Every structure is written in C-alpha cells, then in structure tokens.
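Take this structure, written in structure tokens, and hold onto it; I'll ask about it next.
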Amino acid sequence: MTHSFPLYSPSDFSMDQASSTMMTERSLGIFQALDIPADAFAKAYDLAIGEHVEKNYKGLSYLSWPFAFRYLKEQFPSLFVAFEEAAAGWPVFGKEGCWLLRPYLTDGIRRTPALVFPIMDNKHNAVKELDARQVSDNIQRASVKCIATFTGLGLKLYSGEDIPKSDDEKAAPQLADQREAKKPTAPADAAVGEVAAPAPDAPSEFNGKEALFSLGSANPLDYANRTASMKAVKAGLEALGLSKGEDIKDKAMFANVVTTMAASWAKEKGITVDKAAMVKEVDSLRAICTEGTVEQAIQGVKAWKEGKQ
C-alpha cells in the first residue's frame, strides 16, 4: 500500500511540528515509493561515461558530482536528490563522532528510501567536529552515491568494475590488443627517445617520500629554483587532501600528485589545452608514473613541459 505525502498548512503546524510529523511517518515507512523501471536502470548502469571517471589520492575511481548531476538530468530529467532533515533546514543526523546524511531520490511527490551516508574527510575517516565545508562536500558525495544506488548511473564503480568511455564501442574489437601492447609514451610533440622504456620489474614497495623529494629536486617544470619546485610538490600533495610524503603509498598515488602538478603548472602559465588532448596527455603521464621508475616519471614531466613551449 502506498501513501501520498500529507499536505501541511502553516496555520496547522509550525515548521518544527511539520518536520517532526514527517519524521514520524518516515520512520514508519509512509511515503509514496518512486520506482525506477528495470530497463531504465540497466541502461543507466551500462552507460559509457568513463571519460568523466577520475581517481582520488588512493587511486580509487569516482564520478565527480557535476557529471553525476548532468547524467541524472539527461537520463531521468524529472528526478533530483533531496535530504531528510533532523530539523527544519538541517540535514545532519547523529552526534559528535557519528554524523550522518540521509539522501534520497525524488520527483517532488514520490521518493526512494533514504541512504545512510557518514560524513567523512578526504581520507574517508569519520569527521569528529563539523564545519560548513565538510557538510557541503559530503552532501555532494552523498548525492552521487544516491544517484548511483537508485538509477544505476556510475554504480559499477562501487563494485570495482570498469566503466566504458563513449568512444569505446567503436574501438571494442581492438581493446584487448591495445591493452596488451600499451606502453607509457611521451606526448606526441616531444622528441623520440626522451623517455626511456619502463623497467619490467618495478619494486613491490614504493617510497612516496623519496619519490616526491626526487621530483621536487629535479624541478622538471623548471620553476625559478628548487625551493619553488618543492613548494609545487607540496601544493600538489595538499590538493589531494594529503600532508606528507609518507601518505603516498604506491605509484598510482604518486601519479596523482604528478598529474595534479602538471595541471596546476599549465593553469599558472595560462596554457589552454583541448579537453580530449589533455585527457590523453594526463593518461600518458599517469602510465609513465605507474609503469616506470621515478626517474622516468621525471623525464616524462620534462618532455610534457617542453611540448607546451
């Protein structure tokens, strides 16, 4: 049995009373259920949106919230994410050290059940003390998970599956061979031979502190001096929510710092790059960093930088 949302008149209830009544009904499961058809869910689940998938400092894939909202409006234009409220205008539940958000999907009349989403910092640790920025950032993250859970958009990421890109369909017959033959390369406009082939047997343990120190000391982006280069490395680290070199546990995380530095340098220099070209260049740098040595990564950054001059 389904129920419609009750209509509350300001003359009948205060905002707090209305919120309390709605919370009581919600706890009893009284709401008009929003149903996503199975075929629409399957279509959204398999949607080729891989070009918008990014990696965080741990190397984990995620879909950024602007693209999640974009695809939601393209595939399910009548739906939006809303949040249950502990009090009128306040979407946070819980107590110190255990703060939660409860997002749900709705068309304004019908709705889904609410998820339970913990408020976390950039390292996925529970937040002990709240501030406005933490609430705002987690609302965006919770919205993305809500969209994925109930529509299928980007849900593959939560199970570790790869999401295809929009042009993969045309390239599908070659994918297996491409992956087998893929080697880290310098940007197309760099001189041949500037980046050596990656070592076949990279060490299993990765020293992030030494790698970042080597990167900063080499100054591959040709900052004014070594100190400025070290500051750029530090800024790249902090942009990923990290504070020290020991936080870099593997080559994938090192690659995130390198590509972040490269993007920041290009922005500082006012260099604009076509989005598709930038994606290829970042993928090339990432491949060098993850499949080669630190020295090869440094040479790769130098080659990339020279190609921009």
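Determine, yes or no, whether ILE248 is surrounded by 14 or more Cβ atoms within 10 Å (Cβ to Cβ) and either touching a residue at least 40 places away in the same chain (Cβ under 8 Å) or more than 18 Å from the chain's Cα centre (by Cα) (or both). Walk me through how you get there before you give the answer.
Working: surrounded by 14 or more Cβ atoms within 10 Å (Cβ to Cβ): yes; either touching a residue at least 40 places away in the same chain (Cβ under 8 Å) or more than 18 Å from the chain's Cα centre (by Cα) (or both): yes.
Considered against the rule, which asks whether it is surrounded by 14 or more Cβ atoms within 10 Å (Cβ to Cβ) and either touching a residue at least 40 places away in the same chain (Cβ under 8 Å) or more than 18 Å from the chain's Cα centre (by Cα) (or both), ILE248 comes out as yes.
Residues of segment 92-137 being basic (Lys, Arg), open to solvent by 70 Å² or more (accessible area, probe 1.4 Å) and closer than 30 Å to SER243 by Cα, which ones?
If the condition is that a residue be basic (Lys, Arg), open to solvent by 70 Å² or more (accessible area, probe 1.4 Å) and closer than 30 Å to SER243 by Cα, then LYS95, LYS128, ARG133 are the ones that fit.
Follow-up. Looking at ASP162, is it modelled with pLDDT of 90 or more and surrounded by fewer than 18 Cβ atoms within 10 Å (Cβ to Cβ)?
In short, no.
Next question. Would you please name the residue that is surrounded by the most Cβ atoms within 10 Å (Cβ to Cβ), looking only at residues in segment 263-309 that are polar (S, T, N, Q) and at pLDDT 90 or above?
Out of the qualifying residues, it is GLN299.
I've got another one for you. If you go through segment 17-50, how many residues are modelled with pLDDT under 75 and either touching an Asp or Glu at 6+ places or on another chain (Cβ under 7 Å) or on the phi < 0 side of the Ramachandran plot (or both)?
Residues that pass the stated criteria total 14.
Mind checking which strands (runs of 3 or more DSSP E) fall wholly inside segment 42-152 and carry at least 3 residues that are touching a residue at least 24 places away in the same chain (Cβ under 8 Å)?
Once the strands (runs of 3 or more DSSP E) in segment 42-152 are filtered for at least 3 residues that are touching a residue at least 24 places away in the same chain (Cβ under 8 Å), what remains is 61-63, 80-83, 98-101, 103-106.
The values are calculated or read from the model by the stated rules, or taken from the named source; none is laboratory data. Predicted, not measured: the structure shown is a model, and the values here were computed from it. Quick reminder, even Gly has a Cβ in these numbers, built from the backbone with ideal geometry, and neighbours come from all protein chains shown. Quick note on the areas: whole protein, heavy atoms, side chains included, nothing else; ligands and nucleic acids left out. Shrake-Rupley method; radii C 1.70, N 1.55, O 1.52, S 1.80 Å.
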